[in-house]
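Enquirer: I'd like to ask some things about the structure below.
The values are calculated or read from the model by the stated rules, or taken from the named source; none is laboratory data. These numbers were taken from a predicted model, which means no experiment stands behind them. For neighbour counting, all protein chains shown are included, and Cβ atoms are generated from backbone atoms with ideal geometry for every residue, glycine included.
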Amino acid sequence: MEMRLITLDRVLLTKEKSLLLNEMKTRSFFGEKKGVLLENVTEKDTTIILEALERLEEEDPFLIITSGFLNQSSKLRKYVENNINSCSIGFYQTEMTSLEIQNLLQRWKVKISQPDIIETLRDFSKNFDFLEFRQELKKLVIFKSHDEKPLTLNELEKVFSSESNPDEKKLIDFLIQKNSEPLLDYFKNFSGTIKNPVSLISRATNQFKILHKLQCHDGNPTDILKTVWPPVLGKNKDRLIETSKIWKKTDLENAFHILHKTDFTLRANSKISSKTLLITNFLEICLLNN
């Protein structure tokens with residue numbers, strides 16, 4: 001559907017409290033469809049927005065609202081989610097574009113000569129939590145702060161390591177090998193070491209992506225593993241190849257679904273017990289095809 005889009009400035013909205021309601025009730029002389037866009041609203045705008053929503057009629061323009069995080073007690077969030085005439089969707093940035101990465105490196109004065117550096121970093125951004133990836137980029141800047149030579153792929157590998165937390169790597173290994181007993185022991189003894197559950201889910205998802213790739217492609221598994229990043233080497237490579245044999249393609253896809261559901265729940269609800277959620281859903285993955 002095509003419509004004329006009217007963007008309202010939040011600053012003007014706070015100064016002129018009737019502005020939103022007036023815009024919602026204004027009709028075009030030509031009778032065209034209209035949408036009103038209100039960006040980056042906060043709890044401070046709740047009263048003004050709710051007044052407009054409560055007086056919303058079927059023939060009124062569409063009201064499109066964007067916001068940062070709104071907790072579960074938010075009046076605005078509750079009203080929108082429970083209103084039969086509304087639709088609410090949560091968007092979470094999961095990766096950076098090549099241009100965004102390039103601009104950041106230029107701003108931080110990191111030199112690049114190899115053309116595949118940017119695409120390699122973009123691949124990393126898919127496997128890391130968004131905020132964690134930004135943090136790793138800052139580590140990269142510190143790493144190169146006293147070195148004027150261009151950044152290399154070997155240097156990237158030194159900074160970006162999926163094994164930065166050995167205990168979490170053990171947990172992911174237990175998960176992909178369906179070892180439920182040591183997995184439970186881990187949560188009993190080391191659960192406090194999980195500082196970023198969303199990042200853990202991201203790394204686990206990456207491991208399942210590799211297993212899925214091994215299942216879906218014919219040919220030498222070693223050659224297939226050469227195409228993944230970070231590279232899988234030595235004993236880790238052999239163990240991953242053996243682990244892929246205990247999985248079916250459909251079970252791996254079900255594991256993706258469970259991990260995606262876990263990731264969404266963790267991001268959407270900051271008050272939920274991440275430990276309980278991880279235990280429940282990780283055990284569900286371990287029981288696939290058992």
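Enquirer: Kindly list, by first and then second residue, each pair from a residue in the range 146-169 that is part of a helix (DSSP H, G or I) to a residue that is at pLDDT 75 or above and surrounded by fewer than 16 Cβ atoms within 10 Å (Cβ to Cβ), limited to pairs with Cβ atoms under 7 Å and residues at least 6 apart or on different chains.
Expert: From the range 146-169, the pairs are LEU153/GLN114; GLU155/PHE143; VAL159/LYS139; VAL159/PHE143.
Enquirer: Name the residue that is nearest to the chain's Cα centre (by Cα), counting only residues in the range 61-93 that are assigned to a loop (DSSP other than H, G, I, E, B) and buried (at least 16 other Cβ atoms within 10 Å of the Cβ).
Expert: Among those that are assigned to a loop (DSSP other than H, G, I, E, B) and buried (at least 16 other Cβ atoms within 10 Å of the Cβ), it is LEU70.
So that you can scan it fast, the table gives a plain yes or no per residue for (1) out of contact with any Lys or Arg (no Cβ under 8 Å at 6 or more places or on another chain); (2) among the polar types (S, T, N, Q); (3) touching a residue at least 60 places away in the same chain (Cβ under 8 Å); (4) in the same structural domain as ASN71 (by TED's automatic domain parsing):
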{"residue": "VAL11", "(1), (2), (3), (4)": "yes, no, no, yes"}
{"residue": "ARG27", "(1), (2), (3), (4)": "yes, no, no, yes"}
{"residue": "GLY35", "(1), (2), (3), (4)": "no, no, no, yes"}
{"residue": "LEU38", "(1), (2), (3), (4)": "no, no, no, yes"}
{"residue": "THR46", "(1), (2), (3), (4)": "no, yes, no, yes"}
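Enquirer: How many of the residues making up the range 188-210 are of a type in the set (A, V, I, L, M, F, W, C), part of a helix (DSSP H, G or I) and at pLDDT below 85?
Expert: 2
Enquirer: Please pick out the residue among GLU16, GLU39 that is touching a Ser or Thr at 6+ places or on another chain (Cβ under 9 Å) and surrounded by fewer than 16 Cβ atoms within 10 Å (Cβ to Cβ).
Expert: The conditions single out GLU39.
Enquirer: Continuing with the same structure: For the structure I just gave you, tell me whether ILE49 is surrounded by 15 or more Cβ atoms within 10 Å (Cβ to Cβ), in a strand (DSSP E or B) and out of contact with any Phe, Trp or Tyr (no Cβ under 7 Å at 6 or more places or on another chain).
Expert: no
Enquirer: Here's something else I'd like to know. Counting only residues that are touching a residue at least 40 places away in the same chain (Cβ under 8 Å) and more than 22 Å from the chain's Cα centre (by Cα), which one in the range 241-282 is surrounded by the most Cβ atoms within 10 Å (Cβ to Cβ)?
Expert: The extreme case among them is TRP247.
Enquirer: Only one residue in ILE101, ILE89, ILE48 is over 27 Å from PHE264 (Cβ atoms) and hydrophobic (A, V, I, L, M, F, W, C), so which one is that?
Expert: Every option except ILE48 fails the conditions.
Enquirer: Among the numbered conditions (1) modelled with pLDDT of 90 or more; (2) under 22 Å from ASP123 (Cβ atoms), tell me where GLN177 comes up short.
Expert: (2)
Enquirer: Which ones in the range 12-46 are more than 28 Å from GLN72 (Cβ to Cβ) and not in a loop (DSSP other than H, G, I, E, B)?
Expert: Within the range 12-46, LEU12, LYS15, LEU19, ASN22, GLU23, LYS25, LYS34 qualify.
Enquirer: Next question. Any residue in the range 227-239 that is in contact with a helix residue (DSSP H, G or I) (Cβ under 7 Å, 6 or more places away or on another chain), assigned by TED's automatic domain parsing to the domain that holds ASP173 and under 17 Å from LEU175 (Cα atoms)?
Expert: Checked the range 227-239: at least one residue is in contact with a helix residue (DSSP H, G or I) (Cβ under 7 Å, 6 or more places away or on another chain), assigned by TED's automatic domain parsing to the domain that holds ASP173 and under 17 Å from LEU175 (Cα atoms).
Enquirer: Further question on the same structure: Does ASP218 satisfy being surrounded by 12 or more Cβ atoms within 10 Å (Cβ to Cβ) and either touching a helix residue (DSSP H, G or I) at 6+ places or on another chain (Cβ under 6 Å) or not assigned by TED's automatic domain parsing to the domain that holds PHE133 (or both)?
Expert: no
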